[in-house]
Structure formats: C-alpha cells, structure tokens
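Peer 1: Quick one: this structure, given as structure tokens, is what I'll be asking you about.
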Amino acid sequence: MPAAAPKTCIKCGRDCSNTPRLRNPRGDYACRACVERAGELDVSPLDLSGRHRAPCPKCGAEQLVGVPACPSCGYTPPLDPGSPKLPKPRRMGRIRAVTCRKCSYNLKGLKDGTCPECGHVNALTGRREWDEEVSQEISRDAFRRPLLFLAAGLAVGVGISLARGGLTGAIGYLIAFPILLAVAYAMLWACCITWLGFTSTSFLMLVQLAGIHGVVGAIAAILGCIPVIGSQGLVIAMACGAAYVYLMIEWMDMDSADAKIAAIIIYFAMGILLYIAMGKGWL
C-alpha cells in the first residue's frame, strides 16, 4: 500500500502525523503545541487558514484572523458600545416603591429581598415593574393618539355638517363614516394579506384607521366651507390623500411607497361605493 502523505505543520514545517494537531477547512495542519505557543486569543482551526482581516486603521499593516491586536503597532479596535439605553417612561413616578409584602417596610436600596425589619424574603420586582410600565405606556400611546384625533375629527365633521345641512346632514355624516371606514378596513386588510403584512393587532389597526378617517373627514369638511376651494373637488381630494398617506406612514409604520399604493386602493374602493350611493339617491 502507498505510504500516507505527511501532515506538514504550517507553523513550524515539521511532520505532525503522530502528534496532536489541528486542521482548518482548507486541509492545512498545525501542531497543537505551535498553536498554543503562538499566544493567539480564542484560536480555532478556522483561524489557521492564513486569511487576513482588514488592514490596521492606525499603521496599515496586515492583521491575522483570530488576533485582535495589530502585530505591528499593537493597536486594538474599541469594543462595540452596544445598544443605547431605553428612555424612561413618562409615568415613572406612578411605579410603586418596592416594599416588604409582610410588614410594608421600604426595601429601596437593598441588594436582595430580605426584609431587615421582619426577615421576610421578598422578590424584588423593580426592574420588571419598570419594563411593564414602559410597555403599557407604549401601548397606551399607540391607542391614545388615534382616539383623540378620531374624537376631534368627528366633532369637526359633525359640527360643520350640522351647520351646513342641519340635523339631516349631521346624521348622514355619522351614517356614512362607519360605512366608509368598514370599506377602508377591508381594503387595508386585503393589502396586508397580499404584500404589506401585519405589524400590529387587528383592533389597533382599526383604531388607527378610524383616527385617520376622522382627521381626513375633518379636513374635507373644513376645505368644503372655503368658497374658493369648496368647488374644487380635485384639490380637496389631493389634500385629503396627502394627509391619509402621511398618517399611515406615521401611525402604521408603513413605507412611503406602500402607504401610497394602499391609499390609492382604499380611495378607489370608497369612490366606487360613493358613486353607487349617489346613483341610488342615498346621498
């Protein structure tokens, strides 16, 4: 049988067939003792391939894989600072102080939950309560803004409709609003299933869309009262469309192009519904 090929160490050049050795993906061998004498940090077989990292930013010398410091000038790149700290919640003052569950002794500043007053062992939950408060604040803010804009938009729209068309106009506005909102929600749901994807719960998406319709309805009602603009339906439609796209980007975290396409689809569906309603004499 032919003799086995020698396993030459790429560090010292000797045959390491009968000695402890390492092998890299390229098939090169190295004595384990040579690797240990090299003094490299966290050296693995992947580091013995002879590959180099980017040149040293300080002196321009070549740097070896697995050796963090520059072999020429000793420069070591700084560590990644990591993610930035989360901002404090607005309602931080509402978090209750950590107290003993047995005697209500204040445990603030203690490293463990053992009460020095009664000896009861408590579970310190200050950090958990802080995280829960941040999550609750984010959730409240996600619902708060659309609901406030919905209420203000409905008040403006109903008020203008009442002033211009009397009680019949206000009732018609209140009837048309949920119908158009349902059509828009169905179209948005179809867009999410088709290509957008869902970034929030269905209920939050409905609340956000209702707030958008409240704002857009108020803008349309206000512009309709202006004599110069009131007769220009295209101007009103463009202003409402711009507000629609902007709020979808801000509240629903949509990309600009996706928001424009979704707004066009929603407007087209609502336009068909309005055309049918006007043809039937419902409006």
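Peer 1: Among the candidates 154, 174, 150, 181, single out the residue that is surrounded by fewer than 14 Cβ atoms within 10 Å (Cβ to Cβ), modelled with pLDDT of 90 or more and in the same structural domain as residue 204 (by TED's automatic domain parsing).
Peer 2: 174
Peer 1: Cβ-Cβ distance below 6 Å, separation of 6 or more or different chains: which pairs start in the stretch 238-258 with a residue that is surrounded by fewer than 20 Cβ atoms within 10 Å (Cβ to Cβ) and end on one that is not in a helix (DSSP H, G or I)?
Peer 2: From residues that are surrounded by fewer than 20 Cβ atoms within 10 Å (Cβ to Cβ), the pairs are 253/199.
Peer 1: Still on this structure: Could you list, ordered by first residue, the pairs with Cβ atoms under 9 Å in which the first is in the stretch 18-37 and among the charged types (D, E, K, R) and the second is surrounded by fewer than 14 Cβ atoms within 10 Å (Cβ to Cβ) and modelled with pLDDT under 75, at least 6 apart or interchain?
Peer 2: Close Cβ pairs satisfying both conditions: 26/50; 28/50.
Peer 1: Continuing with the same structure: Which of the residues that make up the stretch 121-147 are among the aromatic types (Phe, Trp, Tyr) and either modelled with pLDDT of 75 or more or assigned by TED's automatic domain parsing to the domain that holds residue 205 (or both)?
Peer 2: 143
Peer 1: Kindly establish whether residue 177 is over 23 Å from residue 273 (Cβ atoms), among the aromatic types (Phe, Trp, Tyr) and out of contact with any strand residue (DSSP E or B) (no Cβ under 9 Å at 6 or more places or on another chain).
Peer 2: no
The values are calculated or read from the model by the stated rules, or taken from the named source; none is laboratory data. Note that the coordinates shown come from a computational prediction; the quantities given were computed from them, not determined experimentally. All Cβ positions, glycine included, derive from the backbone under ideal geometry; neighbour counts span all protein chains shown.
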